[in-house]
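Laboratory data are not the source of any read-out in this text; all were calculated from the coordinates shown. Just so we're clear, the structure is a prediction, and the values are computed from it rather than from any experiment. Don't worry about glycine lacking a Cβ; one is built from the backbone with ideal geometry, like all the others, and counts go over all protein chains shown.
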Amino acid sequence: MKKKMWMVAAVLGLALILTGVAAAQEKPKAATVNLKVLPPVVLKAFQAAYPNAVIKGASKETEKGATQYEVESMDGALNRDLLYAADGKILEIEESTAPENLPAPVKQILAKDYAGAKILRAEILTKAGVKSFELAIELKGKKMEVTIDPQGKIVK
């Protein structure tokens, strides 16, 4: 009886080990992005402008009656989100940046008007050729967003 129990335990143990080994050898499946949502002209414009970037997400949006396409991408360590018109023209670019790379006027106004704030996220926003810096900050336990132009003027 004891021999039979040991045999069953050994077989079950071996089965568990083999199951674990098989599961460990399976490769994780890469997330698939539905690129069919993007018109060919938008996809071609993105690939021409950012040949090394990987598309992480794509979506179709309507704003003020106009159809727009958002492309979320990674280019090395850089997060970049782009908003395209249906004709492939770039409407807006958001690129991540390290807080230490912000221009001095942006850092100065942040230190003056939001003294002690911790920068949680920093992005460079380019819209209609105009740059600004969108910052997610935390000040005294409260999270907020602030947008500052390159000269250090608070826009929003």
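What's the magnitude of the charge dipole for segment 78-130 around its Cα centre, counting Lys and Arg as +1 and Asp and Glu as -1 at the beta-carbon? Answer in Debye, nearest 20.
200 debye
Projected onto the charge dipole of segment 97-156 (+1 at Lys/Arg Cβ, -1 at Asp/Glu Cβ, origin at the Cα centre), which of 122, 105, 146 gives the Cα projection farthest towards the positive end?
Projecting each Cα onto the dipole axis, the largest value belongs to 146.
To the nearest 20 Debye, how big is the dipole of segment 97-156 about its Cα centre, given +1 on the beta carbon of each Lys and Arg and -1 on that of each Asp and Glu? Can you show the working numbers first?
Details: 11 positive and 7 negative charges, 31 e Å.
Roughly 140 debye, rounded to the nearest 20.
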